[in-house]
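So the structure is just underneath, and the comments pick up after that.
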């Protein structure tokens with residue numbers, strides 16, 4: 001029986017042990033009492049009470065095991081019924097005293113929380129107060145008080161062990177879920193990273209090359225003789241280059257992070273921070289400073305991934321309560337600051353040389369930027385990603 005009151009699969013060894021005790025005691029004491037050859041009337045009452053107690057126990061405890069230790073009202077009815085049946089049986093024959101004393105244990109089996117101690121106290125008081133039970137002598141009082149104290153200590157110990165087991169099981173479940181999430185995150189990060197690399201390669205090679213070819217064809221078209229046959233071929237080649245460039249840009253868009261597909265950079269950061277708040281329950285304040293300008297796509301990707309990585313670190317390693325995300329449009333650069341109020345890097349399992357920050361630095365350096373980390377133990381961490389922008393930069397989209 002689950003003495004804590006949390007659900008335990010019915011049929012576990014401790015369940016079967018506690019549920020069989022009343023039957024075993026009823027059977028043994030019944031055999032002993034019958035061997036004493038009671039009168040026919042006493043035997044009839046004794047058999048009727050024993051059968052009633054067994055049926056009562058079956059209905060309340062075995063038929064409805066989920067009530068045990070969790071539902072006060074039905075278990076109070078069950079416990080008082082068993083106590084009354086045991087008291088009546090002791091009135092017929094004192095050989096049934098073990099059945100009555102089993103109610104000390106049944107109090108912890110059936111009654112939830114502190115009500116178990118009330119059940120133990122009631123069992124002890126009735127044993128000394130009912131005339132045909134125990135005389136209130138010093139030895140009997142000491143035995144009942146000692147037995148009640150022993151039952152209370154044993155019940156408390158078992159409940160403490162079950163609480164520890166439940167906490168351990170919950171911790172193991174959380175650990176398993178975290179490991180699964182980490183594996184999933186690693187796979188997703190690798191998939192997204194490869195897509196981003198392919199998008200950057202397409203942008204820097206195919207798209208850039210086609211743009212150059214198209215500009216040369218347009219320049220040749222502008223200076224060619226309108227009547228010369230080659231001009232028509234130049235225009236056909238230019239149209240083909242435009243169509244291929246459009247296809248390349250569509251492929252690049254399909255490979256971009258989903259938050260950037262239909263949003264500007266500030267919109268993508270708003271989607272990332274709001275999603276983080278919903279999934280982690282940690283407030284995030286997003287601020288945009290400066291005049292918004294168009295930023296090359298590879299730089300947008302770097303800043304979005306840096307935001308996701310910094311938020312993940314704040315949630316998993318920093319024990320933070322609040323995160324500030326600031327995107328600053330400067331005259332010749334763009335900067336991202338992610339600040340948390342957590343424990344700082346020195347007390348984290350995640351160090352500045354960890355893979356997350358390492359990948360963040362590699363991405364930033366790939367677009368000519370840099371990453372700086374400022375951390376004070378117990379006062380939080382700030383991750384800054386800054387990327388210079390050439391004057392009049394655009395992303396060729």
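Once both labels are positioned 7 Å from their Cα atoms along Cα-to-Cβ, the gap between residue 171 and residue 319 label points is 1.5 nm. Normalising by residue count, the range 90-153 has a Cα convex hull of 74 Å³ per residue.
Rounded to two decimals, what is Rg over Rh for the range 13-136 when you use alpha-carbon atoms and the Kirkwood radius? Rg/Rh for the range 13-136 comes to 0.97. Using only alpha carbons, the range 263-345 has a radius of gyration to Kirkwood radius ratio (Rg to Rh) of 0.97. Given R0 = 25 Å, the distance between the Cβ atoms of residue 128 and residue 156 translates into a calculated FRET efficiency of 0.60. Potential lengthening of the chain between residue 291 and residue 359 amounts to 21.6 nm, from the contour at 0.36 nm per residue minus the alpha-carbon distance.
Spacing of the modelled spin labels on residue 222 and residue 135, each 7 Å from Cα toward Cβ, amounts to 12.4 nm. When 198, 389 are arranged by Cβ crowding within 10 Å, least crowded first, meaning fewest neighbours, the order is 198, 389. Averaging the sequence gap over all C-alpha pairs within less than 8 Å and six or more residues apart, then dividing by the number of residues, gives the range 13-136 a relative contact order of 26 percent. Cβ-to-Cβ counts within 10 Å put 370, 224 in ascending order as 370, 224, the fewest first.
For residue 246 and residue 370, the difference between the fully extended length at 0.36 nm per residue and the C-alpha to C-alpha distance is 41.5 nm. Extension gain for residue 23 to residue 213 (0.36 nm times residue separation, less C-alpha to C-alpha distance): 59.1 nm.
Given R₀ = 25 Å, FRET efficiency for residue 121-residue 31 by Cβ-Cβ distance, to 0.05?
0.20
Bear in mind that the values in this text are calculations on the coordinates, not laboratory data. This is a predicted model, so every value here is computed, not measured. Here the Cβ is made from the backbone with ideal geometry for all residues, glycine too, and neighbour counts use every protein chain on show.
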